[in-house]
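Below is one structure, written out as structure tokens; the observations come after it.
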Amino acid sequence: MNKANKMGNKTITIKRTFNAPLSLVWEAWTQSEHIAEWWSPKGVKTKVVEHDFKVGGKWKYIMPMPNGQEFIAEGEYTEIVEFEKIISSANFKPMTEGVEIQSLFKPNGNKTDFTFNVVHPTEEYKIQQEKMGIMNGWSSVFVRLDELLKNM
């Protein structure tokens, strides 16, 4: 099996097109004040604790859940190509740890084609995450991003 197939077996991919120009989508992904508005389920306000947007920079967001617990998302940027991609390690405690997230952007006229990959350490871990509802979780977050972009 080649490397691409092995990566595919460990990767969850979400694709969508945002009805906003690439520069606006990039701003929403890279500015703390915007991230706080969309990086969480509906009804939850994200607290940006750290956001050092550079290769080697760390990020940490806290989302208070209705039950009083905190959901912590954190990682380190490993690759940034302006207006093209953002790659980061990521932990989403207490549910998901040790993944890589890849946010890929492509201009499409006045819209932006977006691909989001979550690369897991193993195929088994990916399957476990799928059963836990990772697709629904991220899809709902990207709906919030879409709503934010309409108001930027």
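Before moving on, here are some points about what is shown:
- Boolean, Phe83 is among the hydrophobic types (A, V, I, L, M, F, W, C), out of contact with any Lys or Arg (no Cβ under 7 Å at 6 or more places or on another chain), more than 23 Å from Lys45 (Cβ to Cβ) and in contact (Cβ under 8 Å) with a residue 40 or more places away in the chain: yes
- Identification of helices (runs of 4 or more DSSP H) wholly contained in segment 1-61 with 1 or more residues that are modelled with pLDDT under 95 yields 3-9, 32-38.
- Residue tally, condition of a type in the set (A, V, I, L, M) and without any contact (Cβ under 8 Å) to a residue 24 or more places away in the chain, over segment 50-62: 1
- Matching residues, segment 85-143, being out of contact with any His (no Cβ under 9 Å at 6 or more places or on another chain) and of a type in the set (Gly, Ala, Ser): Ser88, Ser89, Ala90, Ser103, Gly109, Gly133, Gly137, Ser139, Ser140
- Each residue in segment 104-117 was checked for being buried (at least 18 other Cβ atoms within 10 Å of the Cβ) and either among the small types (Gly, Ala, Ser) or farther than 20 Å from Lys54 by Cα (or both), and 2 pass.
- Every condition in (1) surrounded by 19 or more Cβ atoms within 10 Å (Cβ to Cβ); (2) of a type outside the set (Ser, Thr, Tyr); (3) not in a strand (DSSP E or B) holds for Ile86 except the one numbered (3).
The values are calculated or read from the model by the stated rules, or taken from the named source; none is laboratory data. Just so we're clear, the structure is a prediction, and the values are computed from it rather than from any experiment. Glycine gets a Cβ as well: all are built from the backbone with ideal geometry, and neighbour counts include every protein chain shown.
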